[in-house]
1. What number of residues within the range 26-60 satisfy the criterion of being among the hydroxyl-bearing types (Ser, Thr, Tyr), more than 27 Å from Ala86 (Cα to Cα) and either surrounded by 16 or more Cβ atoms within 10 Å (Cβ to Cβ) or in contact with a strand residue (DSSP E or B) (Cβ under 9 Å, 6 or more places away or on another chain) (or both)?
2. What residue, among those in the range 1-25 that are part of a helix (DSSP H, G or I) and polar (S, T, N, Q), is nearest to Leu89 (Cα to Cα)?
3. Considering only residues that are among the aliphatic types (A, V, I, L, M) and closer than 13 Å to Gln20 by Cα, look in the range 69-92 and name the one that is surrounded by the most Cβ atoms within 10 Å (Cβ to Cβ).
4. Tally time: how many residues in the range 26-73 are of a type outside the set (D, E, K, R) and under 17 Å from Gln88 (Cβ atoms)?
Amino acid sequence: MKRPEEITQQFLAELDKHLQELKSGKAETTFEVQDIAQLLHVHPTHLSNTIKEQLKKSPCDIYEEKLMDIARELILTTHLSIAEIARQLTFDPSNFSKFFKHFEGITPKQFREKTIVKI
């Protein structure tokens, strides 16, 4: 395995591990590129460039996509309030709603109501 592939694999593994901690409520803060770069012992710019080259997306884009998957899952499979989900994912509730609406086109509450009605 070439080094860029190794870095990409390690990045995804660390990201998934961190996201599981967020999902379970064990993480107190969210990772940034420099946090993962430090874990992998590479420069943040090198990590970012490698991920973009290998996956054709920025580390931030990958993180946000995976975070949205978790947000959708928590909204649909738990009885937690939207504010509790926001805090579990280390967001201020109003910022979480803006973040969610940016990607989904509707608020988390609208998503829950719309999706639960369909089921």
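1. Just the residues of the range 26-60 that are among the hydroxyl-bearing types (Ser, Thr, Tyr), to begin with: 29-30, 45, 48, 50, 58.
Then drop every residue that is not more than 27 Å from Ala86 (Cα to Cα), which leaves 45, 50.
So of that shortlist, the ones also either surrounded by 16 or more Cβ atoms within 10 Å (Cβ to Cβ) or in contact with a strand residue (DSSP E or B) (Cβ under 9 Å, 6 or more places away or on another chain) (or both) come out as 50.
So the answer is 1.
2. Gln20
3. If we take residues in the range 69-92 being among the aliphatic types (A, V, I, L, M) and closer than 13 Å to Gln20 by Cα, then Ala71 is surrounded by the most Cβ atoms within 10 Å (Cβ to Cβ).
4. In the first step, residues of the range 26-73 are kept if they are of a type outside the set (D, E, K, R); the result is 27, 29-31, 33-34, 36-51, 54-55, 58-60, 62-63, 67-68, 70-71.
Those left that are additionally under 17 Å from Gln88 (Cβ atoms): 27, 29-31, 63, 67-68, 70-71.
Residues meeting the conditions: 9.
Conditions tested, residue by residue: (1) without any contact (Cβ under 8 Å) to a residue 24 or more places away in the chain; (2) farther than 16 Å from Phe99 by Cβ.
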residue	(1), (2)
His18	yes, yes
Gln54	no, yes
Met68	no, no
Leu76	no, yes
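Read-outs: derived from the displayed coordinates by stated rules, not from any lab. Predicted, not measured: the structure shown is a model, and the values here were computed from it. When we count neighbours, we look across all protein chains shown, and the Cβ atoms used for this are built from the backbone with ideal geometry, even at glycine.
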